[in-house]
Amino acid sequence: MKSILYCITIVAITVAAGCAANHSKPIIDPDSVDMELYQYDLAECEQIAEQVEQKAGSGAVGGALVGGLIGAIVGDGDSVKRSAGVGGVLGGAKGAGATERERSQVVKNCLRNRGYTILN
């Protein structure tokens with residue numbers, strides 16, 4: 001049981017790192033674009049995107065609850081604690097990934113509204 005929880009923890013950490021690195025910059029069609037103005041607009045749009053609420057906390061709570069339930073079904077009190085911890089990490093990673101995707105979408109929408117052609 002410990003080796004399974006250890007493997008799940010490693011996977012959760014890997015997923016969390018992948019989600020954090022997944023923030024993709026918009027790719028624009030540079031044809032007829034003043035790149036200095038684009039950099040200014042991009043910075044403004046990224047600042048607007050910072051208003052997106054963090055979802056990692058709610059994901060972590062949900063994941064901890066699910067993990068705790070799984071631990072209660074599978075084993076003893078220690079299993080509940082470990083499973084809740086693993087579930088919290090997985091849920092937090094999922095929430096962080098959702099936050100980054102939403103921020104990226106806000107930046108792209110903002111740039112589109114300012115007249116840029118977004119390719120990704």
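The values are calculated or read from the model by the stated rules, or taken from the named source; none is laboratory data. Note that the structure is predicted; figures quoted are calculated from it, not measured. Cβ coordinates were reconstructed from backbone atoms using ideal geometry, including for glycine residues, and neighbour counts include every protein chain displayed.
Asp31 falls short on exactly one of the conditions (1) at pLDDT 55 or above; (2) more than 17 Å from Leu119 (Cα to Cα); (3) surrounded by fewer than 14 Cβ atoms within 10 Å (Cβ to Cβ), and that condition is (2).
Would you mention how many residues in segment 36-50 are exposed (fewer than 15 other Cβ atoms within 10 Å of the Cβ) and at pLDDT below 95? Total satisfying the criteria: 3.
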